Amino acid sequence: MTRVLSGIQPSGAMHLGNYFGAIKNFVREQDHADAFYCVVDLHALTQNIDPESLRKASLDLMAIYLASGLDPERCTLFLQSHVAEHTQLAWLLECTASMGELRRMTQFKDKGGDQEGTRVGLFTYPVLMAADIVLYDVDRVPVGDDQRQHLELTRDLAQRFNHRFGDVFVIPEASIPSVGARVMDLQEPTRKMSKSVSSPLGTVNMLDDPSDIERKIKKAVTDTDGELRYDPETKPGLATLLSLLAACERVSPATIAQRYERYGDLKKDVAAALIAELAPIQQRYEEFRNDPAALEAMMAVGAQKARSVAARTYQRAADAIGLAPPVSH
Ligand code: TYM
């Protein structure tokens, strides 16, 4: 059976980019593949964190996973830091990666790059991500478009390791959705929707209430020529709205464009579709979040399942690279 794995950082509110670029596809994949999804709390350590907020954010995100429809009976849900092999394997991979290839990572450059004060963890971040993936003999990795370069690096590292030390890792492929892979900011539609953008009007969060969603869509930047067609180059604002409705309905944005003549009508339907898509998630979220003991118990089961796969792959890699096996007396 095909294996898939993906992860999301527990850093701040989940937005429509996380949902359409990743989570919605995680849910679909759980019925077609042996799926592993983690909350990558170790990756969140590369940012400024507050310990209490990080602990809470990990549970928040786990509740979002469940509320969105991920089912621990049909997939494996776990916290990255609960499986020690992630950091163990990351070290083996770091010792095969070069400074040059990590320096070329655009996300590293965007987040400050090669400065005196930059955290080393931010630099080696993509290697830990590669370890997350190859530990589980993964075929496909459902992610948004911004992770494409990280997936290329993962493939390069895995191929290089196999070439030098034998056939240890499965070479994974990125699985990027045809619609929703790059959800843009509603106020600045030439940049992607992101947790770090300062304009709160530009970002719709999964837990925003209906009146906020309506307000943000109503105020979304469009253009003044009044011509309703899908053209991300010259009409990025309109393209963003068309893509959102397209992602809800799983059709192409151009098909949606044919249905409308007025921007106002389109905006009304986009807001209504988003509210309808998110309402059941928001309702279930409260139920899951209000039972932290159940969340923790579920995560413990997930970690055990994840560990049983990860331990085997790690041992294979450790043997191949020449680490002597631990001997029990
Ligand atoms: P993160 O936490 O930044 O984002 C999680 C997922 O959401 C997608 N995404 C978007 N998709 C469409 N439009 C957007 N505006 C948008 N913003 C975010 C991302 O592409 C991602 O799929 N490095 C990863 C986390 C990670 C990981 C992994 C992913 C760590 N280990 C192993 C896959 C496999 C990250 O920072 O995602």
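The values are calculated or read from the model by the stated rules, or taken from the named source; none is laboratory data. Just so it is clear, the structure is predicted and the values come from calculations on it, not from any experiment. As a convention, Cβ positions derive from the backbone with ideal geometry for all residues, glycine included, and neighbour counts pool all protein chains shown. Surface areas here come from the heavy atoms of the whole protein model, side chains and all, with no ligands, DNA or RNA. Shrake-Rupley method; radii C 1.70, N 1.55, O 1.52, S 1.80 Å.
Here are the numbers:
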item: Rotationally averaged projected area of the chain (alpha carbon convex hull; nm²); result: 18.6
item: Extension gain, residue 311 back to residue 54 (0.36 nm per residue minus Cα-Cα distance, nm); result: 89.9 nm
item: Nonlocal amide H pairs with residue 7, under 5 Å, H built at 1.01 Å; result: 38
item: Cα-Cα P(r), the stretch 210-287, percent of pairs per 5 Å interval; result: 3, 16, 27, 24, 15, 8, 4, 2, 1, 0
item: Whole-Hz ³J(HN,Hα) from phi, Karplus 6.51 cos²θ - 1.76 cosθ + 1.60, for the stretch 154-160, glycine and proline x; result: 4, 5, 4, 5, 5, 5, 5
item: Debye, to nearest 20: dipole size of the stretch 136-255, +1 on Lys, Arg Cβ, -1 on Asp, Glu Cβ; result: 180
item: Kirkwood hydrodynamic radius over Cα pairs of the stretch 89-206, then Stokes diffusion coefficient at 4 °C and 1.567 mPa s, in µm²/s; result: 82
item: Lys, Arg +1 and Asp, Glu -1 on Cβ, resulting dipole of the chain about Cα centre, debye, nearest 20; result: 260
item: Helix-derived mean residue ellipticity, 222 nm - over the chain, DSSP H n ≥ 4, -39500 (n - 2.57), to 500; result: -16000 deg cm²/dmol
item: Å² of accessible area per residue within the chain, as computed with a 1.4 Å probe and no ligands counted; result: 47
item: Spatial separation of Cα centroids for the stretch 167-206 and the stretch 80-150, in angstrom; result: 18
item: Calculated log₁₀ intensity ratio I(q)/I(0) where the Debye formula runs over C-alpha points of the stretch 164-273, q = 0.13, 0.15, 0.17, 0.19 Å⁻¹; result: -0.49, -0.62, -0.77, -0.95
item: Entries in 24/305; 56/235; 24/109 that, when Cα-Cα distance is taken, lie over 31 Å; result: 56/235
item: Selection from 301, 6, 64 lying farthest towards where the dipole of the chain points positive, charges on Cβ; result: 6
item: Assigned charges on the beta-carbon of Lys, Arg, Asp, Glu; the stretch 210-287 dipole about Cα centre (debye); result: 100
item: The stretch 210-287, accessible surface, carbon-and-sulfur percent (1.4 angstrom probe); result: 49
item: Degrees between helix 120-134 axis and first principal axis of the chain (Cα, 0 to 90, nearest 10); result: 80
item: Two-site FRET efficiency, residue 118 against residue 287, from Cβ-Cβ distance with R₀ of 35 Å, rounded to 0.05; result: 0.30
item: Karplus-derived 3J(HN,Hα), 6.51/-1.76/1.60, for each residue of the stretch 6-19, Hz, glycine and proline x; result: 8, x, 9, 6, x, 9, x, 5, 6, 10, 4, x, 4, 6
item: Projected label distance in nm at residue 163 and residue 279, using a 7 Å step from Cα toward the beta-carbon; result: 5.5
item: DSSP bridge orientation in the chain - percent antiparallel, rounded to nearest 5; result: 10
item: Sequence-distant residues sharing a close amide H with residue 175 (under 5 Å, placed H); result: 141, 143
item: Estimated FRET transfer efficiency when R0 is 25 angstrom, pair residue 321-residue 152 (beta carbons, to 0.05); result: 0.65
